[in-house]
1. Could you give the length gained by full extension between PHE215 and ILE98, i.e. 0.36 nm per residue of separation minus their alpha carbon distance, to one decimal place?
2. Determine the alpha carbon to alpha carbon distance for each of LYS122/LYS223; LYS256/LYS314; LYS140/LYS205; LYS122/LYS200; LYS213/LYS268 and list only those over 22 Å.
3. Once every Cα of the range 118-250 carries one equal point scatterer and solvent is ignored, give the base-10 log of I(q)/I(0) from the Debye formula at q = 0.09, 0.11 Å⁻¹, two decimals.
4. Rounded to the nearest 0.05, what FRET efficiency do ILE315 and ASP251 have when you use their Cβ-Cβ distance and R0 = 30 Å?
5. Mind listing the long-range amide H neighbours of ALA38? Cut-off is under 5 Å, sequence gap 5 or more, other chains count too, H placed in the peptide plane at 1.01 Å from N.
6. Kindly provide the Kirkwood hydrodynamic radius of the range 1-81 in Å, to one decimal, from all pairs of distinct alpha carbon atoms.
7. Write down Rg/Rh for the range 221-289, rounded to two decimals, with Rg from the C-alpha atoms and Rh from the Kirkwood relation over Cα pairs.
8. 7 Å from Cα along Cα→Cβ at both ALA170 and VAL12: what's the point-to-point distance in nm?
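The values are calculated or read from the model by the stated rules, or taken from the named source; none is laboratory data. All values derive from a computational prediction rather than experimental measurement. So basically every Cβ, Gly included, is an ideal-geometry build from the backbone, and we count neighbours across all protein chains shown. The protein model used for the area step is the full one, side chains on, heavy atoms only, and it has no ligands, DNA or RNA in it. Shrake-Rupley method; radii C 1.70, N 1.55, O 1.52, S 1.80 Å.
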Amino acid sequence: MARTAIGCEPLVGSLTPSKKREYRVTNKLQEGKRPLYAVVFNFIDSRYFNVFATVGGNRVTVYQCLEGGVIAALQSYVDEDKEESFYTVSWACNVDGIPFLVAGGINGIIRVIDVSNEKLHKSFVGHGDSINEIRTQPLKPSLVVSASKDESVRLWNVQTGICILIFAGAGGHRNEVLSVDFHPSDIYRIASCGMDNTVKIWSMKEFWTYVEKSFTWTDLPSKFPTKYVQFPVFIASVHSNYVDCNRWLGDFILSKSVDNEIVLWEPKMKEQSPGEGTADILQKYPVPECDIWFIKFSCDFHYNAAAIGNREGKIFVWELQSSPPVLIARLICFSLHVKYNPQSVY
């Protein structure tokens, strides 16, 4: 079990905005009365950087940002199950670059939508409970990873519909997995976190031949030799409560719990002892009134800034490349209402 290093206090940011940037509202959209759980821009393909998708209820909607702050609705996918509630969505693509949207939620079924042809491409069935987050591999955007309430993380090939790897078992999470992320440059590594208060780093290097095989598999996806990855290469207990969001920042990790802050820390692994090591906490980004779970933060394309909302409708924008941390802006959105995740009660 990883421990926090002693003797070096992390740098804590000030809540006084630096006034480096000014923000203004250019448009506002209302999608009925259902809560929206995710908004994601398409960073996979530079042709579609001004296109974003939202999920809420059983609907996935695609928008485009036009000049002058105008937002155009392009497509809307309505799931056949009226009881579906999508929690997460991510952009991906097939090997030919055709854009896909990958969404999942309370039913535990992942829908892959072919945005170019406006049709459902595939449905992934495998998770035993609801899906809390889906992320796309930036170096191979045909690969996505999903985090589930069933205590597992799964790696999928959206091109072929194959479940390649399942991260669960003896060394896996012992409660609901809330967030997962691919390392930006190490194609083999992912980080996951959840209700067992831990962040786990996993390696796919030993199983990479199965990833490659998934692109050329011609038999039924159900016959693919899906492998279990049971032991992470690192386990960190940086937080003392649910960890509901984690993102790589280079080789460092940003993670958030319900303790009113985002923490930047460095995993220091022991090469001879997989799973062990230390977690050096480097910086803390305060977020007042953020003591309920399933409030995630988001980073810009270049990872220069991170934004997070709180339960009072305020948004904090932090500069990530500064030490000590710099608060770029504190925004107040009077019409913003933070919702609890309905799948369980904190």
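1. Difference between extended and current length: 40.6 nm.
2. LYS122/LYS200; LYS213/LYS268
3. For the range 118-250 at q = 0.09, 0.11 Å⁻¹, log10 I(q)/I(0) is -0.24, -0.35.
4. 0.60
5. VAL55
6. Result for the range 1-81 stands at 16.6 Å.
7. Radius of gyration over Kirkwood radius for the range 221-289 works out to 1.10.
8. The answer from the label model is 4.1 nm.
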